[in-house]
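To keep things clear, I will list the structure first and then write my remarks on it.
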Amino acid sequence: MSVTNAPSTATVGFAPEEVDFSLSTRRARLKWVVVVDADLPPGQAANAAICAAAPTVTSVPGLLGTDTTDAEGTTHPGLPWTGCSVLVADPATLRAIRAKAASRTDVFVADVPAAAQSTRVYSDFIAAVGKTQTEDIDYCAISIVGPRNPVDKIVGKLPLMP
């Protein structure tokens, strides 16, 4: 349900030698945030955040840690070792954040247009987005991964999702 940008031929992600599970999330070179429309009801906000995260983890190498095994031998899939903050913004700010992030070649963006939550058939979603100018798309959520300082500047001091 999301549309990703293709900012450049450069890939945003971690090289295998950069993955260091002993680092604090604040020391990782890249930062991952998901910004959700603050006006969405909780269920739709959770859906939007998950839908924005799905293409992010498949497109950005090195975000997920390795699987882990508990004391009884049960395996638990790897989680984002870099962390992921879920923030909220009003719709206009969300659109501006997406535009800023998408304009950078060193940032990955995945977005969830509002059409994703108003359609039930993927081809209908594709058609709805295809008829809409970029500047007119309303977003439910945006997932951004990039160098820490630029991402911090893009999202400013947005609050965490309550």
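Answer yes or no as to whether Asp67 is closer than 21 Å to Thr25 by Cβ, without any contact (Cβ under 8 Å) to a residue 12 or more places away in the chain and of a type in the set (Asp, Glu). Yes; evaluated as a whole, the condition is true for this residue. Cβ separations smaller than 8 Å between residues 6+ apart or across chains give the following pairs from the stretch 79-102 residues that are of a type in the set (Ser, Thr, Tyr) to residues that are part of a strand (DSSP E or B) and surrounded by fewer than 18 Cβ atoms within 10 Å (Cβ to Cβ): Ser85/Leu160. For the stretch 31-53, a residue qualifies if it is touching a helix residue (DSSP H, G or I) at 6+ places or on another chain (Cβ under 7 Å) and either open to solvent by 70 Å² or more (accessible area, probe 1.4 Å) or modelled with pLDDT under 95 (or both), and the qualifying residues are Asp39, Gln44.
Scanning the stretch 97-108 for residues that are more than 13 Å from Val155 (Cα to Cα) and buried (at least 23 other Cβ atoms within 10 Å of the Cβ) returns a single hit, Phe108. Hey, among the residues in the stretch 80-96 that are among the hydrophobic types (A, V, I, L, M, F, W, C) and loosely packed, with under 15 Cβ neighbours inside 10 Å, which one's nearest to the chain's Cα centre (by Cα)? Checking each candidate, the answer is Ala96. Filtered by the rule that a residue be out of contact with any strand residue (DSSP E or B) (no Cβ under 7 Å at 6 or more places or on another chain) and surrounded by 14 or more Cβ atoms within 10 Å (Cβ to Cβ), the stretch 19-30 gives Val19, Ala28.
Quick grid of which residues meet (1) touching a His at 6+ places or on another chain (Cβ under 9 Å); (2) exposed (fewer than 15 other Cβ atoms within 10 Å of the Cβ); (3) outside any helix (DSSP H, G or I); (4) modelled with pLDDT under 95:
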| residue | (1), (2), (3), (4) |
| --- | --- |
| Pro61 | no, no, yes, no |
| Thr66 | no, yes, yes, no |
| Gly73 | no, yes, yes, no |
| Val112 | no, no, yes, no |
| Ser123 | no, yes, no, no |
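In summary, Thr56 fulfils each of the numbered conditions (1) closer than 13 Å to Val34 by Cα; (2) out of contact with any helix residue (DSSP H, G or I) (no Cβ under 7 Å at 6 or more places or on another chain); (3) surrounded by fewer than 20 Cβ atoms within 10 Å (Cβ to Cβ); (4) in contact (Cβ under 8 Å) with a residue 40 or more places away in the chain with the single exception of condition (3).
The values are calculated or read from the model by the stated rules, or taken from the named source; none is laboratory data. Since this is a predicted model, take the numbers as computed values, not measurements. As a convention, Cβ positions derive from the backbone with ideal geometry for all residues, glycine included, and neighbour counts pool all protein chains shown. Please note that ligands, DNA and RNA were not included when accessible areas were found on the heavy atoms of the full protein model with its side chains. Shrake-Rupley method; radii C 1.70, N 1.55, O 1.52, S 1.80 Å.
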